[in-house]
Every structure is written in C-alpha cells, then in structure tokens.
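Q: This is the structure I want to talk about, given as structure tokens.
Values in this text are rule-based calculations from the coordinates and carry no lab data. None of the values given here were measured: they were computed from a predicted structure. Note that we place each Cβ from the backbone using ideal geometry, even for glycine, and neighbour counts take in every protein chain shown.
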Ligand code: AMP
Ligand code: ZN
C-alpha cells in the first residue's frame, strides 16, 4: 500500500507523534499552514469521510476528542482553533486517507472557501 498516511501509521515513514492509541495517530503536517497544524488519522485506511459507515461513527468522535486534547496540551483551547476535514476532489482533499486537520496558534481568516 503506497498510502503515505498508512506508512506513517505503520511507522515506516518516521514522524513526530503527538498522540497514538490502537486506532488513532496524530502527527505534524509537513507543510504547516499555522503555528500549530496537526493531522489526526484513523490507523486503518479509510479513503475519506464519505466512506465512514455507522460502525465507524465513534471513531470520528474519538478523532475530535484527540484533536481537542492536543489543542489543550498546546495551550490553545481558550484562544480557539479550527478542525477541518476535506473530502474528495472538489472538497480539496489531496491525501486519500481520512484525516482531521487541527489548525491554530494564530488568528485564522474568517470564511471557508
Ligand atoms: P488535504 O488537502 O486535506 O488532503 O491535506 C493533506 C495534508 O497532508 C496537507 O496539509 C499536506 O501538507 C499534508 N501532508 C502530505 N504529506 C505529508 C506527510 N508525509 N507528513 C505530514 N503531512 C503530510
Ligand atoms: Zn492509508
């Protein structure tokens, strides 16, 4: 499998690890768009949020919880931050392995486009 995020999850591509458990791993974005830019993924290969089924719903909740904990650890909970999931081509998804972006540590622009 030549999925870069699977390779990070498997430890085949080294990365700083902010958090991991049996199902989830979090690591820095290689091209950060903010002082804090963390990628949170399920270890199993799910191509996008569109591929989440009913039994995976708790996984999404846990990913959000991990993002919140990392925000807390990095001291930006009170300042605010952004969680983003891009989905598919027109949604701007470039890496086809479901991931949640945690962005923060600066004033982010208003708007979503
Ligand atoms: P998206 O547009 O939502 O698919 O975002 C993919 C993100 O993955 C981008 O912000 C990239 O900078 C990031 N990225 C790509 N390759 C790596 C990598 N090897 N390690 C960490 N982040 C990566
Ligand atoms: Zn993958």
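Q: Any idea which of 83, 33 is out of contact with any helix residue (DSSP H, G or I) (no Cβ under 6 Å at 6 or more places or on another chain), within 15 Å of ligand 1 (Cβ to nearest atom) and within 22 Å of residue 106 (Cα to Cα)?
A: Result of the check over 83, 33: 33.
Q: Which one is surrounded by the fewest Cβ atoms within 10 Å (Cβ to Cβ), of the residues in the stretch 49-88 that are away from ligand 2 (no atom under 16 Å from the Cβ), farther than 21 Å from residue 17 by Cβ and in contact (Cβ under 8 Å) with a residue 24 or more places away in the chain?
A: Checked the stretch 49-88; the qualifying residue surrounded by the fewest Cβ atoms within 10 Å (Cβ to Cβ) is 80.
Q: Continuing with the same structure: Anything in the stretch 13-30 that is in a strand (DSSP E or B), crowded, with 17+ Cβ neighbours inside 10 Å and either out of contact with any helix residue (DSSP H, G or I) (no Cβ under 8 Å at 6 or more places or on another chain) or touching a residue at least 40 places away in the same chain (Cβ under 8 Å) (or both)? List them, or say none.
A: 24, 26
Table: residues versus (1) outside any loop (DSSP other than H, G, I, E, B); (2) in contact with a strand residue (DSSP E or B) (Cβ under 9 Å, 6 or more places away or on another chain).
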| residue | (1), (2) |
| --- | --- |
| 1 | no, no |
| 11 | no, no |
| 37 | yes, yes |
| 76 | no, yes |
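Q: Looking at 93, 107, which one is in a loop (DSSP other than H, G, I, E, B) and buried (at least 18 other Cβ atoms within 10 Å of the Cβ)?
A: 93
Q: Out of the residues in the stretch 31-45 that are surrounded by 16 or more Cβ atoms within 10 Å (Cβ to Cβ) and within 16 Å of ligand 2 (Cβ to nearest atom), state the one that is farthest from the chain's Cα centre (by Cα).
A: Looking at the filtered set, the residue picked out is 43.
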